[in-house]
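Engineer: Have a look at this one.
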Amino acid sequence: MKASQKELFQRLSPFFIEYNNINAQTPFEYFEIEAKKLVLPGRLDLIPKILYIESKQKGQDLERARQLYAKHIEAFTDGTYSEYGNQQKDSLEKYFETFDALIESFRTSGFDPKQSLIPVDADMHLLDGAHRVACAWYFNCPVHVVRFPTLSVNYDAKFFRHRCMDEEYLHQMVLEYATRKDDVRLWFVWPKAVKHPSAKEIPQKLEALGAKIVFEMRQKFTHRQMEALIYSIYKQEHWIGHYKNGFQGIQDKVNACYAEHGYVHLYVVEGIDARELNHQKAIFREKMGLEKGSIHTADTKKETDEILTLLLSKEGQKVMEVDLSIQKHTKKTWINSILRRLRHRYRVALIAVQKLLNRPV
């Protein structure tokens with residue numbers, strides 16, 4: 001893996017070198033890494049790419065995968081469907097054509113570090129080459145990366161919300177991400193605790209312990225919906241009761257954690273040990289003085305996947321007999337539709353300027 005700085009930088013995109021002012025004085029590291037280790041919350045856009053490859057190779061559910069891929073490219077490019085530094089890639093059709101050709105190349109030849117390298121930032125987020133890394137993930141190829149500790153990017157769930165991606169598609173991305181990772185867990189703040197002052201400390205505390213917040217959602221539940229959620233979470237517990245007593249345990253649990261406003265705050269977290277997560281849960285429960293009516297955590301991979309599927313997929317909502325999408329961020333969806341129309345007004349001018357400068361503006 002020995003190579004000179006000049007040789008390594010020549011295997012990076014000329015646009016990347018110019019745009020980031022990479023020169024002989026720029027600090028860097030060069031090493032090999034498994035592609036799966038580059039699938040991080042700060043590059044959530046890898047998920048639609050991976051899902052598209054899977055669907056295409058297996059011939060399953062391709063239309064859904066194409067739709068999610070198209071939606072994430074729309075958000076990623078701010079509706080221009082133009083890739084900075086690549087004048088030939090200026091439409092959704094060309095994105096698909098280029099990606100399909102890349103998939104076939106990886107299928108037959110894998111990743112060739114003599115042809116190209118993957119630049120990453122200080123936190124191992126991709127700075128370029130997301131489609132290549134998605135291919136490497138699927139075909140199980142290690143990749144060679146050049147790490148630049150002075151650079152930083154973050155294309156996480158908040159980025160896609162800022163770009164007005166519909167929650168339906170964002171939820172698909174988060175769900176697909178979580179099911180592919182082994183150490184993703186859930187942290188619920190129940191309605192009675194949502195407005196407690198200590199609730200605001202939760203994300204900062206978890207991040208201070210090394211956890212990454214993959215996604216967070218504030219969702220309003222009716223009392224009936226809360227019953228369905230509680231049943232789904234605790235259905236294996238004997239204390240929930242049975243149909244003969246009207247599932248009295250469920251009623252008692254909902255009464256202990258529900259409040260009139262109905263809001264539940266959900267954090268999807270990664271990279272924190274389950275024992276530490278439970279320890280922090282106990283600390284916050286004591287702070288809030290609400291015992292088990294304040295915080296719940298999903299302690300296992302199985303529980304995490306099941307609950308997220310219930311909350312973020314249409315199929316899961318049907319199982320709960322609750323269509324949460326009816327009331328899901330109704331006001332926000334309306335605002336997003338206005339923002340998308342406003343963005344459309346300047347897209348023609350934006351595309352023209354970007355093509356003229358061949359760089360983001």
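Just so you know, all these numbers are worked out from the coordinates, no wet-lab data involved. From a predicted model like this one, the values you see are computed outputs, not experimental measurements. Methodologically, a virtual Cβ is constructed for each residue, glycine included, from the backbone with ideal geometry; neighbour enumeration extends over all protein chains shown.
Engineer: What whole-number volume per residue, in cubic angstrom, does the convex hull of the C-alpha atoms of the stretch 221-298 give?
Structural biologist: Working: hull volume 8.3 nm³, N = 78.
Roughly 106 Å³ of hull volume per residue.
Engineer: How far is the Cα center of the stretch 200-276 from the Cα center of the stretch 112-128, in Å?
Structural biologist: Spelled out, the Cα-based centre of one part sits 39 Å from the other.
Engineer: What share of all Cα pairs of the stretch 5-159, in percent, falls into each consecutive 5 Å distance bin?
Structural biologist: Going out from 0 Å in 5 Å bins, the stretch 5-159 shows 2, 9, 18, 22, 22, 17, 8, 2, 1, 0 percent.
Engineer: Taking Cα atoms, how many degrees apart are the long axis of helix 301-312 and the longest axis of the chain, rounded to 10 and kept between 0 and 90?
Structural biologist: Taking the Cα atoms of the chain, the angle to 301-312 is about 90 degrees.
Engineer: While we're looking at this one, here's another question. Out of all DSSP beta bridges with both ends in the chain, state the antiparallel percent to the nearest 5.
Structural biologist: Numbers: 26 of 30 bridges.
Just about 85 percent of them are antiparallel.
Engineer: Projected onto the charge dipole of the stretch 5-159 (+1 at Lys/Arg Cβ, -1 at Asp/Glu Cβ, origin at the Cα centre), which of Gly129, Tyr84, Ile103 gives the Cα projection farthest towards the positive end?
Structural biologist: Projecting each Cα onto the dipole axis, the largest value belongs to Ile103.
Engineer: Taking H placed 1.01 Å from N in the peptide plane, check which residues at least 5 places from Glu83 or on another chain put their amide H under 5 Å from its amide H.
Structural biologist: Excluding prolines and chain starts, which carry no amide H, the hits are Lys89.
Engineer: Between Lys235 and Glu63, what is the label-to-label distance in nm when each label sits 7 Å out along the Cα-to-Cβ direction?
Structural biologist: Between Lys235 and Glu63, the label points sit 2.9 nm apart.
Engineer: What is the gain in length, in nm to one decimal, between Phe31 and Val194 on full extension, counting 0.36 nm per residue of separation less the C-alpha to C-alpha distance? Walk me through the numbers before you get to the answer.
Structural biologist: Details: separation 163, 0.36 × 163 = 58.68 nm, distance 4.43 nm.
The Phe31-Val194 span can extend by a further 54.2 nm.
Engineer: Let's test the formula: R0 of 35 Å, r as the Cβ-Cβ distance of Glu18 and Tyr263. What FRET efficiency results, to the nearest 0.05?
Structural biologist: Details: r = 47 Å, r/R0 = 1.34.
About 0.15, to the nearest 0.05.
Engineer: Between Gln25, Pro191, Ser313, whose Cα lies farthest towards the positive end of the dipole of the chain when Lys and Arg beta carbons carry +1 and Asp and Glu beta carbons carry -1, centred on the Cα centre?
Structural biologist: Sorting the options by dipole projection puts first Pro191.
Engineer: Around Val120, which amide H atoms from residues at least 5 apart in sequence, or from another chain, sit under 5 Å from its own amide H, with H modelled in the peptide plane?
Structural biologist: Here Leu127, Val146, Arg147, Phe148 satisfy the definition.
Engineer: How long are the semi-axes of the equivalent ellipsoid of the chain, taking √(5λ) for every eigenvalue λ of the Cα gyration tensor, in whole Å from largest down? Before the final figure, lay out each step's value.
Structural biologist: Working: eigenvalues 331, 106, 78 Å².
Value: 41, 23, 20 Å, ordered largest first.
Engineer: With a 10 Å Cβ neighbour count serving as the proxy for reagent exposure, in which order, fewest first, do Tyr177, Tyr84, Tyr258 appear? Write out the running numbers ahead of the final one.
Structural biologist: Details: Tyr177 25, Tyr84 17, Tyr258 20.
The fewest-first ordering by Cβ neighbours comes to Tyr84, Tyr258, Tyr177.
Engineer: Modelling each spin label as a point 7 Å along the Cα-to-Cβ direction, I'd like the Gln5/Glu286 distance in nm, to one decimal.
Structural biologist: 5.2
Engineer: While we're here: So which of Lys6/Lys181; Lys94/Lys220; Lys220/Lys301 end up more than 32 Å apart by C-alpha? Display every interim value, and only then the final one.
Structural biologist: Details: Lys6/Lys181 36 Å; Lys94/Lys220 41 Å; Lys220/Lys301 25 Å.
Result: Lys6/Lys181; Lys94/Lys220 exceed 32 Å.
Engineer: Something else: Can you tell me the length gained on complete extension of the stretch Lys314 to Thr300, counting 0.36 nm per residue apart and subtracting the Cα distance?
Structural biologist: On the way: separation 14, 0.36 × 14 = 5.04 nm, distance 2.25 nm.
Full extension from Lys314 to Thr300 adds 2.8 nm.
Engineer: May I pose another question? Once fully extended, how much extra length lies between Lys220 and Glu168, figured as 0.36 nm per residue of separation less the alpha-carbon to alpha-carbon distance? List each step's numbers first, then the result.
Structural biologist: Working: separation 52, 0.36 × 52 = 18.72 nm, distance 1.61 nm.
Full-extension gain reported as 17.1 nm.
Engineer: State the answer as a single residue: which of Tyr234, His162, Leu266 lies farthest towards the positive end of the charge dipole of the chain, with beta carbon charges of +1 for Lys and Arg and -1 for Asp and Glu, about the Cα centre.
Structural biologist: His162
Engineer: Same structure, new question: Which whole-number percentage describes the relative contact order of the stretch 5-159, with Cα contacts under 8 Å and a sequence gap of 6 or more? Let's see the in-between values first.
Structural biologist: Details: 206 pairs, mean separation 57.2, N = 155.
Taking the mean separation of contacting Cα pairs over the length of the stretch 5-159, I get 37 percent.
Engineer: Charges only on Cβ, +1 for Lys and Arg, -1 for Asp and Glu: so what's the dipole of the chain about the Cα centre, in debye to the nearest 20?
Structural biologist: Values: 54 positive and 47 negative charges, 164 e Å.
Dipole about the Cα centre, nearest 20: 780 debye.
Engineer: Using Cα atoms only, what is the angle between the long axis of helix 223-234 and the major principal axis of the chain, expressed in degrees (0 to 90) to the nearest 10?
Structural biologist: 80
Engineer: In whole angstrom, note down how far apart the Cα centers of the stretch 41-63 and the stretch 137-192 are.
Structural biologist: If you average the Cα positions of each part, the centres end up 13 Å apart.
Engineer: Tell me, what HN-Hα J-couplings in whole Hz come from the Karplus equation 6.51 cos²θ - 1.76 cosθ + 1.60 at θ = phi - 60° for each residue of the stretch 187-200, using x for Gly and Pro?
Structural biologist: 10, 9, 10, 6, x, 5, 9, 4, 8, 5, x, 5, 4, 5
Engineer: How much of the DSSP bridge set in the stretch 5-159 is antiparallel, in percent, rounded to the nearest 5?
Structural biologist: Details: 8 of 12 bridges.
Bridges in the stretch 5-159 are about 65 percent antiparallel.
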